[in-house]
Amino acid sequence: MSAQLRDTAGELAEILWREHTVYRERSGGVVIRGEHVRRWISLAPAGGRGEVLVRAGRILDGGTTAPARSEAVVPLSAGTGVLAATCRRLLAEAADDVAPVVPGRAAPGRSNHSRKAARSKGSGKHTSFGSWVILACVVGVIALYVYSTARHG
């Protein structure tokens, strides 16, 4: 299935974008990145046989990817045309989720007052409790590695 996904992704990438990068994920899926449009498409095997999970999302500043904005399951037997149409729909949905931010103006559906209230609501702490827990776990794992390396030397 992975070789078929890779071939399908290559054909799909040519249809969607002139400039693209196709690579395989560790999970067996394939990602198509369109850096010039700041969007990505992911194809992964779905639960059913011959079905593919198609996800679409944005590429953030610095090249990192935002989580998928939308997804759909498409039968692989439907063909590249149907898959391309589904990808275009998902990419359009991902683009619709991004509202342009104009400095000094509130986002649609929000007043300036509610935005300021949400910002000043915090108690001034920069690091949440959850972040401290994650940091403690990382330090613990590093300490365990150093200990086991020193012990087995």
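Mind checking which strands (runs of 3 or more DSSP E) fall wholly inside the stretch 38-91 and carry at least 3 residues that are touching a residue at least 40 places away in the same chain (Cβ under 8 Å), more than 20 Å from residue 15 (Cβ to Cβ) and open to solvent by less than 20 Å² (accessible area, probe 1.4 Å)?
On the way: elements: 39-45, 51-58, 70-75.
Once the strands (runs of 3 or more DSSP E) in the stretch 38-91 are filtered for at least 3 residues that are touching a residue at least 40 places away in the same chain (Cβ under 8 Å), more than 20 Å from residue 15 (Cβ to Cβ) and open to solvent by less than 20 Å² (accessible area, probe 1.4 Å), nothing remains.
I'd like the full set of residues that are outside any loop (DSSP other than H, G, I, E, B), farther than 12 Å from residue 40 by Cα and either without any contact (Cβ under 8 Å) to a residue 12 or more places away in the chain or touching a helix residue (DSSP H, G or I) at 6+ places or on another chain (Cβ under 6 Å) (or both), limited to the stretch 13-27. If you could, list the steps in order and put the result at the bottom.
Our first condition is that a residue be outside any loop (DSSP other than H, G, I, E, B); within the stretch 13-27, this holds for 13-16, 21-24.
Next, only the ones that are farther than 12 Å from residue 40 by Cα stay: 14-15, 24.
Matches in the stretch 13-27: 14, 15.
The values are calculated or read from the model by the stated rules, or taken from the named source; none is laboratory data. Since this is a predicted model, take the numbers as computed values, not measurements. Cβ sites come from the backbone with ideal geometry, for glycine too, and all protein chains shown count toward neighbours. When the accessible area is computed, the model is the full protein with side chains, heavy atoms only, and any ligands, DNA or RNA have been set aside. Shrake-Rupley method; radii C 1.70, N 1.55, O 1.52, S 1.80 Å.
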